[in-house]
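Coordinate-derived values only; no laboratory data. Everything numeric in this text was worked out from a predicted model, so none of it was measured. No Cβ is skipped: glycine too gets one built from the backbone with ideal geometry, and neighbour counts run over all protein chains shown.
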Amino acid sequence: MTDKLNELTAAGVAVWLDDLSRVRLSSGGLDQLRREKHVAGVTTNPTIFAKALSDADEYNWQLRDLATRGIEVEESVRMLTTYDVRWACDVMRPSYDGSDGVDGRVSIEVDPRVAHDSDRTVAEAKALWWLVDRPNLYIKIPATEEGLSAITDTLAEGISVNVTLIFGLDRYSAVMEAFLAGLEQAKANGHDLSKIGSVASFFVSRVDSEVDKRLEKIGSDQAKALKGKAAVANAQLAYERYTEVFSSDRWKALAAAGAHPQRPLWASTSTKNPDYRDVIYVEELIAPGTVNTMPESVIHAYADHGETRGDTITGSYDAARKVFADLESVGVDIDDVIATLEREGVEKFEASWQELLDGVRKSLEAAAKGKGAPNKAAKGNAKGAEKAGGA
């Protein structure tokens with residue numbers, strides 16, 4: 001039977017999992033995906049953590065300890081989430097070592113409420129880097145205008161960065177500029193560039209969701225014929241910019257000093273429209289030097305019926321530009337689409353972060369009231385505690 005995920009990996013696409021939970025860690029599920037499904041990295045976000053903490057008893061023992069110590073809710077969230085990410089970094093360490101530090105990465109996001117405050121973002125990034133204390137960590141920083149300088153300053157500290165919530169081409173270019181400037185400063189600061197990694201997370205399916213909504217409202221046959229085309233075209237043009245930047249003399253000077261390129265990462269790759277092929281945002285975005293982070297359902301779908309047809313991006317640029325010209329001709333304001341998606345992206349993560357805080361607050365209160373009760377989840381967690389380095 002054909003190993004379709006291996007074919008995808010051989011085509012230059014790193015398969016990452018867009019999910020994490022303590023159940024996945026304690027059950028060995030993440031390690032199984034690494035060994036059997038070619039999963040070479042993990043991404044998380046506030047939504048993922050909010051769901052994980054609301055669904056499982058695996059966190060009860062740590063919540064009880066945090067409540068006993070009187071730890072405030074925000075610090076408790078950091079302890080809970082960094083515990084999982086530290087453990088995941090250890091699980092993914094073979095991929096990190098086997099790829100010379102390129103893959104095997106696990107991402108954790110700064111508090112999204114500080115997305116528009118550069119100084120606080122950098123301070124949060126440094127704190128998370130220290131708490132997790134693993135070389136294969138990525139700190140996720142949203143690509144807001146204020147986030148750009150935070151990206152540079154964080155990289156300059158020798159901290160690896162996953163730039164998230166990128167929707168538009170101009171912002172993507174600014175992100176790559178922030179990356180180059182950060183590495184140049186890191187080099188000047190005496191850091192080993194070969195140890196610093198970065199990806200630029202370019203969101204895909206949300207672009208189609210927003211554009212399709214506007215096309216449906218326009219309602220003409222010409223408009224409806226363009227549904228489902230914007231997201232792939234947007235990502236294809238992003239890859240064109242990537243190839244231009246990372247073939248420049250400026251980049252070559254950094255590469256000569258040991259730097260790895262900032263790979264484009266295709267995020268939000270599950271289809272939101274059931275009329276679309278469930279692996280379209282994987283099949284249509286295959287090119288060397290890319291990452292595709294997928295929910296487990298998409299990983300299994302691609303393993304079952306995905307088609308790796310070689311490079312599906314290079315050479316598509318003129319057709320992609322025509323898609324955008326056609327969209328504008330029917331009345332879709334692309335700049336407004338991108339601005340809307342960025343604003344909503346930050347707002348959604350802020351809402352998930354608040355949901356996470358509220359859930360942990362309730363759990364801490366419950367744990368404090370019942371702190372003399374048996375520790376239900378402690379059994380079987382000793383191994384996880386050892387791997388994760390404790391809370």
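Quick note on segment 140-179: its Rg to Rh ratio, both from C-alpha atoms and Rh being the Kirkwood radius, is 0.93. Working from label points 7 Å from Cα in the Cα-to-Cβ sense, the residue 213 to residue 35 distance is 4.3 nm. Across segment 33-130 the C-alpha pair distances fall into 10 Å bins from zero in the proportions 14, 39, 34, 13, 0 percent.
Taken as entire DSSP H runs, the helices of the chain never both span 24 Å or more between Cα atoms along their own long axis and average 1.6 or more on the Kyte-Doolittle scale. The aspartates and glutamates within cross-link reach of residue 37, meaning a Cα-to-Cα straight distance under 16 Å and a gap of 8 or more places when in the same chain, are 3, 7, 18, 19, 103, 296, 304, 307. Be a star and scan segment 72-116 for residues whose amide nitrogen sits under 14 Å from the point 7 Å along the Cα-to-Cβ vector of residue 127. Inside the label zone: 72-82, 109-115. Given in Å, the Rg to one decimal and the Dmax to the nearest whole number for the Cα atoms of the chain are 21.0, 67.
Computed extension gain for residue 275 through residue 68, at 0.36 nm per residue and net of the alpha carbon distance, reaches 69.5 nm.
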